[in-house]
1. Under the Karplus relation 6.51 cos²θ - 1.76 cosθ + 1.60, θ = phi - 60°, what is the ordered set of whole-Hz ³J(HN,Hα) values for region 78-94, x standing for Gly and Pro?
2. Assign one of three labels to region 72-121, namely rounded, prolate or oblate, based on the Cα gyration tensor with a ≥ b ≥ c the square roots of its eigenvalues; rounded applies when a/c is under 1.5, prolate when it is not and a/b is larger than b/c, and oblate otherwise.
3. Take 53, 91 and sort them by solvent-accessible surface of the protein heavy atoms, 1.4 Å probe, largest at the top.
4. Which value, in debye to the nearest 20, gives the size of the charge dipole of the chain about its Cα centre, when Lys and Arg are +1 and Asp and Glu are -1 at the Cβ?
5. So how do 84, 98 rank on accessible area, 1.4 Å probe, biggest first, that is with the largest at the start?
6. Semi-axes of the equivalent ellipsoid for the chain, please: Cα gyration tensor eigenvalues, times 5, square-rooted, ordered largest first, whole Å.
Amino acid sequence: MRSQLHPATQPCPDRPHWAPRWIVEDGRILGAFALRHNYDDLFGWIGYGVRPSARRRGVATWALGQVLKEARDALGLDRALVICAKDNIASARTIERCGGVLEGVRATRLGPQRRYWIHLT
Ligand SMILES: CC(C)(COP(=O)(O)OP(=O)(O)OC[C@H]1O[C@@H](n2cnc3c(N)ncnc32)[C@H](O)[C@@H]1OP(=O)(O)O)[C@@H](O)C(=O)NCCC(=O)NCCS
């Protein structure tokens, strides 16, 4: 499995910038993840998704690990806020597998959201 940079990587000055990457295996796209380049208290630093046919194989855990390394090495972060919907058990488990510590659940305009912090050492 490897990650491949999406071409849309140039920062856009007026909008929050994400660096999207595909998750690729044998030429097939399994999903995507992205690191936000600005702190966002509603969405956190990171987003990811895995196509249904590739789920429950550890793909998201691998991808989140990759993006956390990028957050440390490219952005110099020492911890990252990762957020998911309160009832998104798959995402919550993925974050917890990568060391996420629950700060709490916050009511937002998107509904109740779990807020996790991951230390990047
Ligand atoms: C969340 C998502 C990315 C997880 O992808 P994945 O590749 O299936 O995750 P992994 O295989 O790495 O599994 C990580 C953990 O979640 C658990 N898990 C995955 N899917 C699950 C499900 N449907 N129900 C319960 N647990 C689940 C796995 O068992 C594993 O935990 P474990 O090691 O303790 O058993 C995927 O379900 C998805 O794309 N969902 C839709 C988009 C989304 O919600 N993105 C995140 C937004 S914050």
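1. Karplus-based 3J(HN,Hα) across region 78-94 equals 9, 7, 10, 8, 10, 10, 9, 4, 3, 9, 8, 4, 4, 5, 4, 5, 4 Hz.
2. Working: a/c = 2.50, a/b = 1.73, b/c = 1.45.
Prolate.
3. On the way: 53 85, 91 15 Å².
So, going from the largest accessible area down, we get 53, 91.
4. Details: 19 positive and 11 negative charges, 82 e Å.
It works out to roughly 400 debye.
5. 98, 84
6. Working: eigenvalues 88, 68, 39 Å².
Ellipsoid half-lengths, sorted descending, are 21, 18, 14 Å.
The values are calculated or read from the model by the stated rules, or taken from the named source; none is laboratory data. This one's a predicted model, so the numbers in the text were calculated from it and none came from an experiment. We place every Cβ from the backbone using ideal geometry, glycine too, and count neighbours over all the protein chains shown. Keep in mind that these areas ignore ligands, DNA and RNA; they rest on the heavy atoms of the full protein, side chains included. Shrake-Rupley method; radii C 1.70, N 1.55, O 1.52, S 1.80 Å.
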